[in-house]
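Please read the structure below before turning to the comments.
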Amino acid sequence: MTLHHDDNDTVQCDLGKQAMSRTSVPAAHDDHADHDHAHAFEWLEALRILFVALAAAAVWFRLWEPFTGVSVIGVAGVLVGGWPIFKEAFENSIARRMTMELSMTIAIVSAAAISEFFTALVITLFVLVAEVLEGMTVSRGRSAIRDLLDFLPRAVAVRRAGAITEVDADSLAVGDAVLVNPGGRIPVDGTVISGHSFVDQARITGESLPIEKTAGAAVYAGSINQSGALEIRAERIGRDTSYGKIIEAVEQAERSRAPVQRLADQMAGYLVYLALGAAILTYLITQNIYSTISVIIVAGACGIAAGTPLAILGAIGRAARAGVIIKGGLFLEQLGKVNTVVLDKTGTLTFGEPEVQKVLPCPGVTEEALLDAAASAELRSEHPLGKTIVACARAQGRPLSEPERFGYTPGRGIDAAIAGELVLVGNQALMQDNGIAVSQALLKGHKNASEIYVARGGQLLGAIAVADTVRPEARQAIDAIHLMGIKTILLTGDAKVVAHVVAQQLGIDEVAADLMPEDKLNYVKRLVAKGRVVAMLGDGVNDAPALTEATVGVAMGSGTDVARDSADVVLLGNDLVKFTETLALALRTRRIIWQNFIGTVVVDVVGVGLAAFGLLNPLFAAFIHVASEMAFILNSTRLLPNRVGGKRANH
């Protein structure tokens, strides 16, 4: 409820300001001290509130009033209860800041001056209770982010000088051998020295299933060891780990200020001026001190000054717990305005790994003979498609023959000698160069597959359909985007035929194919220049320039470091549904903030009008002020992660 107005027209709710201005989230081992402090503060405030409540009751029942016209208990209650309010008002007045404390101080002192001590005490009580409730609400918002740090273990077992000792996580060093028992949380990024287990690393990579880990496998801090014991060589510790970088990104986002938050601060300042100006005008016209006090009391701006940063904080914390890192309030706000989503294909809408979709032999040729010939010829190939064919044959347990000779023609395919026969694996051009007739009907129904024909001894054996598989959740994600009224565009360097097949399969609105990285960049630039609010979703190095140019760049967690560093939002893992949920969260955050904006203005304008005409007494004005303020702050708390069984849910 504490507001200040500085030379830059910045107005903030003090509790919201405190919540958003700390330089970092406390580490888990600092929580005890932090809680102790908070506990002492709560007891002090509780005693102050109790004293004011008892003083108000004593004044109401006229207990012990030795002096006519002055209530000793009332004066004591006002001084004790109003001290933090008066102190804040004085400090901000010295700094030439317009504050809500100043208007509350004027109201309390004015009520006491006309011997309305009960009114003054009730106003004081409402203000104190409101500030405590605000503090509890904002603390809940901060804990949604602090929970991320609490996930890492503080005590770690390490092997040093042949002995196993337990040390504090802060004393770990690169090169330490860390032991993690089944069910334990891995505290470092490193490599498994010994042991065999399955590790849940969904918090880091977004993978839904536990990953098998043996000697030589990489592991990440923040993941959970599920079965066997592991000994891990620490390679990155603390802030340098993958989990540490996630926390750092969330902390930076927490400290950032969105444009809508600055707007909220400015509007809060104007509402303070409105309250004081209306109070002066009311007194000049009516000469009624009760109406004047009511005008000052009823107007409040904390609903937006504290509610706005709380909404942003809650949304960023909720997204982080769901596996989406939003790097700042600015990007959260921009996501809420997106009207165009641009998507890369390979690695984003698809898995980015070609698979054999179908083996298509010619009449009289078996699938086994076709696959054996192709895989044997491709044994020495470094081409991704060739490796895919070899992997498919080996997965089926097919016996492969080492080629006696191997040749590669760029843009055509390979030729190999196997058992004295020439085997060709490549496109239609390679077949035509060798006088082999090809029927295009072989690949009918596989338009998105690469063109791979196989011939042996001058005879066409058939074709193999190899294609990148579309992610199973992609259609659901595209449909969800369309339901939000957002246009979708596919940008890819792949062939037009393949791109159009994928776009048609997923229902994407617009397609641009055969694009180089600079073409993607220019395409996004043109969209932004036309006034479109663009979210670009990609995963590769070739997507980085476009991610930077888009209004909001979104990187897949499995993508390259360049893409993740260039992006404003990072998905931990590859679930496209997470992206659509984040879009929906951003839209919801924007709606809640504007509900608070409009609601605060309406309550203040109507309340000031009623008070000015003598229709609100000071007590009812105080009730409206606090009730509306808490209603808007609680509206923002709907964005905070829920609690399930004492723990916050990740949705």
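So here's what we get for this one:
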| item | result |
| --- | --- |
| Estimated inter-spin distance, Q432 and E355, nm [label 7 Å along Cα→Cβ] | 3.3 |
| Globularity ratio of the stretch 352-469, using Cα Rg and 2.2 N^0.38 Å | 0.94 |
| ³J(HN,Hα) computed for each position of the stretch 316-327 - Karplus, 6.51 cos²θ - 1.76 cosθ + 1.60, integer Hz, glycine/proline x | 5, x, 5, 5, 4, 5, 8, x, 10, 9, 9, 7 |
| Charge dipole magnitude, Cβ of K and R +1, D and E -1 - the stretch 173-236, Cα centre, debye nearest 20 | 80 |
| Cα-centred dipole magnitude for the stretch 352-469, charges only on beta-carbon of K, R (+1) and D, E (-1), debye, nearest 20 | 180 |
| Distance (nanometres) between label positions extended 7 Å along Cα→Cβ at W83 and E404 | 10.1 |
| Cβ crowding within 10 Å averaged over residues, with 576-583, 382-389 ranked highest first | 576-583, 382-389 |
| Descending Cα extents along the principal axes, the stretch 173-236, whole Å | 30, 20, 18 |
| Lysines with Cα under 18 Å of K358, excluding same-chain neighbours fewer than 8 positions away | K387, K444, K447 |
| Least to most buried among M104, M484, M536, M267 (fewest other Cβ within 10 Å first) | M484, M267, M104, M536 |
| Cβ crowding within 10 Å averaged over residues, with 63-70, 184-191 ranked highest first | 184-191, 63-70 |
| Equivalent ellipsoid, the stretch 428-575 (semi-axes from 5 times Cα gyration tensor eigenvalues, Å) | 35, 16, 15 |
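Only the coordinates and a few stated rules stand behind these numbers; no lab work does. Worth saying up front: this structure is predicted, and the values here are computed from it rather than measured. When we count neighbours, we look across all protein chains shown, and the Cβ atoms used for this are built from the backbone with ideal geometry, even at glycine.
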